[in-house]
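Notes follow once the structure below has been shown.
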Amino acid sequence: MSFSLILLAAGNSDRFKSKIPKPYHKLGGKTLLEISLAKFKEFKEIKKIAVVINKNHKKYLSNNRIENVKFIIGGNTRSKSTYNALKFLINYKNLKNVLIHDAARPNFSTNLLKRIVKQLKFNNSVVPVINPNDSVKY
């Protein structure tokens, strides 16, 4: 089973209060975008990666060590950005499943990703959820 990945990195990071958008901030010498991509590239099932970027953030990509991905210009909303990437990926006939993640959140569990990939063998879609323990989240 083959997968494609849409990594969303087109947001303005308004709440972050920084001149540098979140995906391009460094942690341990790598940007959050690079960290996310490195974790996803561990999965040989992922055949095509589309990174959705903001057209105004291209200058931040020149310092990154990013290979074997296609950069797609995002839209005005997260859903439009996702749609732009899906339009690109539809040209790849052998890719059946699409994983979508946010580049500003590189601390995802690779075990969770393994479970998602496994469940997609038996289901049409998989959405991970976390049961809240905090009454405020209810």
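Here are a few things to note about the model shown:
- Segment 74-95, residues that are exposed (fewer than 15 other Cβ atoms within 10 Å of the Cβ) and touching a residue at least 40 places away in the same chain (Cβ under 8 Å): TYR92, ASN94
- Filtering segment 81-138 to residues that are closer than 17 Å to LYS70 by Cα and either charged (D, E, K, R) or in contact with a Pro (Cβ under 6 Å, 6 or more places away or on another chain) (or both) leaves LYS87, LYS93, ASP102, ALA103.
- Options ILE35, ILE46, ILE6: the member that is closer than 21 Å to ILE73 by Cβ, of a type in the set (A, V, I, L, M) and in contact (Cβ under 8 Å) with a residue 24 or more places away in the chain: ILE6
- Residue in segment 20-43 that is in a strand (DSSP E or B), at pLDDT 90 or above and within 15 Å of the chain's Cα centre (by Cα) present: no
- Residue tally, condition crowded, with 17+ Cβ neighbours inside 10 Å and either modelled with pLDDT under 90 or part of a loop (DSSP other than H, G, I, E, B) (or both), over segment 96-112: 4
- A residue that is part of a loop (DSSP other than H, G, I, E, B), surrounded by fewer than 11 Cβ atoms within 10 Å (Cβ to Cβ), hydroxyl-bearing (Ser, Thr, Tyr) and on the phi < 0 side of the Ramachandran plot occurs somewhere in segment 62-71.
- Test: residue in segment 3-15 that is part of a loop (DSSP other than H, G, I, E, B), at positive phi and buried (at least 18 other Cβ atoms within 10 Å of the Cβ): yes
The values are calculated or read from the model by the stated rules, or taken from the named source; none is laboratory data. This one's a predicted model, so the numbers in the text were calculated from it and none came from an experiment. Here the Cβ is made from the backbone with ideal geometry for all residues, glycine too, and neighbour counts use every protein chain on show.
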